[in-house]
Amino acid sequence: MKKLLVVLLSLTLTVGSLSAQKADPKADKVIEKFIKAVGGREKLAQVQEVYKKVSMKINGMDMQMETLQSKKGRGYTKLNMMGMDMVAYAFKDGKGYKMNQDMSYSDLDKEKLDQIASESQSFFNGLDEYKKYDRKYLGKVELDGKTYVAVEMKIGEQKPVFYFDPGTHLLVAEKVHNEQTDSDLITYFKDYKEYNGILFPTKMEVKTNGTTVRDIQVVEIKINPTDIDESIFQKPE
């Protein structure tokens with residue numbers, strides 16, 4: 001369980017430094033088509049927070065995860081595994097905490113807090129906040145025998161490549177290269193459904209070297225939720 005916890009914490013706290021942005025008009029055009037396809041700027045402007053509950057299978061173990069992403073300076077990720085609730089991190093009003101590998105809790109330093117708070121403002125893997133990051137148009141690219149329109153962005157230390165369906169303009173996959181293992185981690189986004197006029201993928205499959213390592217199913221999505229338990233933002237003793 002400890003090894004699995006380390007993996008989960010690395011997934012929920014992987015952020016990097018923000019730097020100057022390099023724009024690419026062709027990349028921006030592709031991303032704007034995606035934003036229009038999921039609901040448009042006007043609809044997205046009405047969204048201040050998104051709460052998600054998902055069920056996932058990782059390393060053969062079933063668990064649930066809750067996240068709150070927000071433009072109000074708060075957010076959290078909570079895991080439920082083997083009947084245990086564990087908060088990976090939570091922050092609000094410039095203060096926050098995270099779970100350590102030994103399951104104790106410590107304060108988030110200002111740099112890490114600022115990074116998490118910035119990335120929490122995006123509801124679509126950084127795409128709806130793309131002007132914060134470098135982006136590059138890659139043109140038509142093949143993935144799994146199909147042709148997509150691809151854009152690369154630099155988010156922290158990573159350079160994810162986003163694959164968009166040329167017909168629907170929806171995001172189909174995101175590929176991140178792991179330099180340490182020289183392998184690609186590919187997340188597939190499937191079964192888009194509408195919530196308050198905005199489309200969200202409700203199934204995600206994560207593969208590396210052709211092997212599925214995570215299956216994720218959305219259980220619930222709330223737009224601008226009014227029932228968030230405020231106690232989650234207080235660091236456990």
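The values are calculated or read from the model by the stated rules, or taken from the named source; none is laboratory data. Remember, it's a predicted structure, so these values are computed and weren't measured experimentally. Please note: Cβ atoms are built from the backbone with ideal geometry, for glycine as well, and neighbour counts cover all protein chains shown.
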Can you run down the residue pairs with Cβ atoms below 9 Å, 6 or more apart or on separate chains, where the first is in segment 49-66 and loosely packed, with under 14 Cβ neighbours inside 10 Å and the partner is at pLDDT 95 or above and hydroxyl-bearing (Ser, Thr, Tyr)?
Asp62/Ser55
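Is it true that Tyr188 is out of contact with any helix residue (DSSP H, G or I) (no Cβ under 7 Å at 6 or more places or on another chain), surrounded by 17 or more Cβ atoms within 10 Å (Cβ to Cβ) and not β-branched (Val, Ile, Thr)?
On the way: out of contact with any helix residue (DSSP H, G or I) (no Cβ under 7 Å at 6 or more places or on another chain): yes; surrounded by 17 or more Cβ atoms within 10 Å (Cβ to Cβ): yes; not β-branched (Val, Ile, Thr): yes.
In short, yes.
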Out of (1) touching an Asp or Glu at 6+ places or on another chain (Cβ under 7 Å); (2) surrounded by fewer than 18 Cβ atoms within 10 Å (Cβ to Cβ); (3) over 23 Å from Thr226 (Cβ atoms); (4) not β-branched (Val, Ile, Thr), what's the single condition that is false for Asp134?
(1)
Determine whether Glu237 is within 22 Å of Leu44 (Cβ to Cβ) and of a type in the set (Asp, Glu).
no
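Report, by residue number, each residue of segment 156-171 that is surrounded by fewer than 19 Cβ atoms within 10 Å (Cβ to Cβ) and assigned to a strand (DSSP E or B). Break it down stepwise before answering.
Taking segment 156-171 and keeping what is surrounded by fewer than 19 Cβ atoms within 10 Å (Cβ to Cβ), we get 156-159, 165-170.
The answer is Gln158, and nothing else.
Do you know which residues across segment 33-43 are surrounded by 15 or more Cβ atoms within 10 Å (Cβ to Cβ) and more than 12 Å from Tyr195 (Cβ to Cβ)? If you could, list the steps in order and put the result at the bottom.
Filtering segment 33-43 down to residues surrounded by 15 or more Cβ atoms within 10 Å (Cβ to Cβ) leaves 33-35, 37-39, 43.
Within segment 33-43, Lys33, Phe34, Ile35, Ala37 qualify.
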Working carefully through the options Asp191, Asp114, Asp128, Asp184, find the one that is acidic (Asp, Glu), assigned to a strand (DSSP E or B) and closer than 25 Å to Lys52 by Cα.
Asp191
Filtering segment 205-237 down to residues that are without any contact (Cβ under 8 Å) to a residue 40 or more places away in the chain and buried (at least 17 other Cβ atoms within 10 Å of the Cβ), which residue is farthest from Arg74 (Cα to Cα)?
Lys207
Here the qualifying pairs (Cβ atoms under 9 Å; residues six or more apart or on different chains; first in segment 141-161 and over 13 Å from His177 (Cβ atoms) and without any contact (Cβ under 8 Å) to a residue 24 or more places away in the chain; second among the small types (Gly, Ala, Ser) and surrounded by fewer than 15 Cβ atoms within 10 Å (Cβ to Cβ)) come out as Ala150/Gly139
Taking only pairs six or more apart or across chains, which ones have beta-carbon atoms under 6 Å, a first residue in segment 162-191 that is farther than 18 Å from Thr147 by Cβ, and a second residue that is β-branched (Val, Ile, Thr)?
Ser183/Thr208; Leu185/Val176; Leu185/Thr208; Thr187/Val206; Asp191/Thr202
As an exercise: evaluate Phe123 against (1) closer than 23 Å to Ile216 by Cα; (2) not in a loop (DSSP other than H, G, I, E, B) and give the number of the one condition it does not meet.
(2)
Would you be able to tell me the number of residues in segment 114-140 that are in contact (Cβ under 8 Å) with a residue 60 or more places away in the chain and within 13 Å of the chain's Cα centre (by Cα)?
7
Of (1) outside any strand (DSSP E or B); (2) at pLDDT 95 or above; (3) more than 22 Å from Lys207 (Cβ to Cβ), Tyr137 satisfies every one except (1)
Among the residues of segment 204-237, what is the count of those that are touching a Phe, Trp or Tyr at 6+ places or on another chain (Cβ under 8 Å) and under 15 Å from Met65 (Cβ atoms)?
7
